[in-house]
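The values are calculated or read from the model by the stated rules, or taken from the named source; none is laboratory data. Remember, predicted model here, so these are calculated numbers, not experimental data. For neighbour counting, all protein chains shown are included, and Cβ atoms are generated from backbone atoms with ideal geometry for every residue, glycine included. These area figures cover heavy atoms from the full protein model, side chains too; ligands, DNA and RNA do not enter into them. Shrake-Rupley method; radii C 1.70, N 1.55, O 1.52, S 1.80 Å.
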Amino acid sequence: KKPILSILKNYLYGKKHLLEIGSGTGQHAAYFASKFPSITWQTSDKAENHTGIKAWIDYSKLDNILPPMKLDVSKDAWPKNSYDIVFSANTAHIMSKENIHSMFTGISKVLLPENEFLLYGPFNIDGKYTADSNMEFDKALKIRDPGMGVRDIEWLEGIGAKNKIFLKDKINMPADNMILVWKQI
């Protein structure tokens, strides 16, 4: 979380409303929201993950984290609110390809123009693994579910472009991960 924070701080200052897609356990929201008290942090995930997210929110005692919104990116209605930043960590490789399309389409509707979507996780470049660990991880994901897998950045760029969301930067992170910085046009 500290290496992610070191990058997020470059994008979160001055922001007011953040949507986190796939809040998982809620631990990222609790940690990052504590560092940015002026940001209202909207957690979201599938309903089965809400108990864990709520526990982290309760534990944090922060008033700038909102209770989790039910958001299965391809099934649920996206929020009516607009956000000046969207963040998602460790989601693209566990989503189906269809869900990734739905995620970008949804983001294009809720992210204010000229603002960023930050996507953290493992990625391939030009169809090639960036590390042996990502190749092994990809194999393990596909055994678990053939629809999962480490996604290729160029493929994601095509989906983003269809939604007027363009890759602005690729930032290498520890553990063979990256943060992809996208901008809504």
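Computed quantities for the displayed model
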{"quantity": "Proximal aspartates and glutamates to LYS35, defined as alpha-carbon separation beneath 19 angstrom and excluding residues fewer than eight positions away on the same chain", "calculated": "GLU20, ASP58, ASP63, ASP84, GLU116"}
{"quantity": "Across LYS80/LYS168; LYS109/LYS162; LYS70/LYS162, pairs whose alpha-carbon gap is larger than 18 Å", "calculated": "LYS80/LYS168; LYS70/LYS162"}
{"quantity": "Dimensions (Å) - the chain, Cα atoms, principal axes, largest first", "calculated": "43, 33, 33"}
{"quantity": "With all protein chains modelled, accessible area of ILE94 [1.4 Å, Å²]", "calculated": "80 Å²"}
{"quantity": "The stretch 91-156, accessible surface, carbon-and-sulfur percent (1.4 angstrom probe)", "calculated": "55 percent"}
{"quantity": "Probe 1.4 Å, accessible area per residue of the chain, Å²", "calculated": "49 Å²"}
{"quantity": "Karplus (6.51, -1.76, 1.60) ³J(HN,Hα), θ = phi - 60°, over the stretch 38-48, in Hz, Gly and Pro reported as x", "calculated": "7, 9, 7, 9, 8, 7, 7, 4, 5, 4, 5"}
{"quantity": "Contour excess over end-to-end distance, with Cα ends at GLU136 and ALA161 and 0.36 nm allotted per residue", "calculated": "6.1 nm"}
{"quantity": "Lys, Arg +1 and Asp, Glu -1 on Cβ, resulting dipole of the stretch 8-81 about Cα centre, debye, nearest 20", "calculated": "260 debye"}
{"quantity": "Amide proton proximity set for ARG151, modelled H, under 5 Å, gap of 5+", "calculated": "ASN124"}
{"quantity": "Listed residues ARG151, ARG144 arranged by accessible area, highest first, probe 1.4 Å", "calculated": "ARG144, ARG151"}
{"quantity": "Among GLY121, GLY26, GLY158, residue whose mean-square fluctuation peaks in a GNM of the chain (springs only between Cα atoms under 10 Å)", "calculated": "GLY158"}
{"quantity": "Heavy atoms of ASP152: accessible area, 1.4 Å probe, square angstrom to 10", "calculated": "30 Å²"}
{"quantity": "Cut-off 13 Å between beta-carbons: net charge of the residues surrounding ILE4, Lys and Arg +1, Asp and Glu -1", "calculated": "+3"}
{"quantity": "Degrees separating the helix 2-12 axis from the principal Cα axis of the chain, which is the longest one", "calculated": "70 degrees"}
{"quantity": "Cut-off under 5 Å, modelled amide H: who pairs with MET178 long-range", "calculated": "GLY121, PHE123, MET173"}
{"quantity": "Rounded to 10°, Cα long-axis angle of helix 97-110 versus longest principal axis of the chain", "calculated": "40 degrees"}
{"quantity": "Spacing of the two label points (7 Å from each Cα toward its C-beta) at LYS2 and TYR31, in nm", "calculated": "1.0 nm"}
{"quantity": "Long-range HN-HN contacts of LYS164 with modeled amide H, under 5 Å", "calculated": "none"}
{"quantity": "Heavy atoms of LEU119 accessible to a 1.4 Å probe, total area in Å² rounded to 10", "calculated": "0 Å²"}
{"quantity": "Rounded to 10°, Cα long-axis angle of helix 50-60 versus longest principal axis of the chain", "calculated": "50 degrees"}
{"quantity": "The stretch 1-110, relative contact order in percent, only Cα pairs under 8 angstrom and at least six apart counted", "calculated": "29 percent"}
